[in-house]
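Undergrad: After the structure tokens below, expect a handful of questions from me.
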Amino acid sequence: MSTLSRRSTLAALACLPFSTFAQTSPQPSELSALPGARLRGQGRLTFLGLNVYSAKLWVTDSFKPDDFISHPVALELEYARSLVGSLIAERSLTEMKRVGEVPAEKAEPWLAAMTQLFPDVNKGDRITGLHQPGEGMRFFFNGKPRGDVRDAAFARLFTGIWLSPRTSEPKLRQALLGSA
């Protein structure tokens, strides 16, 4: 083997673990509800320089970013710090209103549902939302089912917090969609 081909081979082998890591990520157990799911992208939300959570977007092969609402997706948030569940719910509703119109008669029931579904979190805890097109959202906490919000409008706006062009975090959206 020539020196040049040996160097090329060694360089390729040296990069192998990094490329494998970038393409694969352990699938959370709750993704059994989304057969064929693969990691589309991941990113981190920071606020005033502090890490809030890491986000991963899991999709199926049919996923199209411009029509995210028509596809089942799972959004996994792993928290980097302790947060109060009711405050997560309130902030979620605020962000949903930014993405689109929240009907007045739905705001309070949606907030109540999220307050019940979102527990207080500590560093390392995960909340995963499974978007079910035309049906609603199913939520998991650390891999265990928490409950559902059976409302397609809720699912569209909630998923839109991260995937809508109207998101408050466009860089995170780009990272999740794999276009950063």
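The values are calculated or read from the model by the stated rules, or taken from the named source; none is laboratory data. Computed from a prediction, not measured in an experiment: that's the story for all the values here. Neighbour counts are summed over all protein chains in view; Cβ atoms, including those assigned to glycine, are modelled from backbone coordinates with ideal geometry.
Undergrad: Does LEU93 count as closer than 20 Å to LEU117 by Cβ and touching a strand residue (DSSP E or B) at 6+ places or on another chain (Cβ under 6 Å)?
TA: No; evaluated as a whole, the condition is false for this residue.
Undergrad: Same structure again: Please determine whether any residue of region 143-160 is at pLDDT 95 or above, among the basic types (Lys, Arg), part of a helix (DSSP H, G or I) and over 19 Å from SER32 (Cα atoms).
TA: yes
Undergrad: VAL121: within 25 Å of SER29 (Cβ to Cβ), touching a helix residue (DSSP H, G or I) at 6+ places or on another chain (Cβ under 9 Å) and free of Cβ contacts under 8 Å to residues at least 40 places away in the same chain, yes or no?
TA: Values: within 25 Å of SER29 (Cβ to Cβ): yes; touching a helix residue (DSSP H, G or I) at 6+ places or on another chain (Cβ under 9 Å): yes; free of Cβ contacts under 8 Å to residues at least 40 places away in the same chain: no.
No.
Undergrad: State all residues of region 124-142 that are closer than 20 Å to ARG38 by Cα and in contact (Cβ under 8 Å) with a residue 40 or more places away in the chain; if no residue qualifies, say none.
TA: Once the filter is applied, which keeps residues that are closer than 20 Å to ARG38 by Cα and in contact (Cβ under 8 Å) with a residue 40 or more places away in the chain, region 124-142 yields ARG126, ILE127, THR128, GLY129, LEU130, HIS131, GLN132, PRO133, ARG138, PHE140.
Undergrad: Name the residues in region 125-145 that are surrounded by fewer than 18 Cβ atoms within 10 Å (Cβ to Cβ), of a type outside the set (Lys, Arg) and under 12 Å from SER29 (Cα atoms), would you?
TA: The answer is ASN142, GLY143, PRO145.
Undergrad: Filter region 74-96 down to the residues that are of a type in the set (Gly, Ala, Ser) and under 17 Å from ARG44 (Cα atoms), then identify the one that is surrounded by the fewest Cβ atoms within 10 Å (Cβ to Cβ).
TA: Checked region 74-96; the qualifying residue surrounded by the fewest Cβ atoms within 10 Å (Cβ to Cβ) is SER82.
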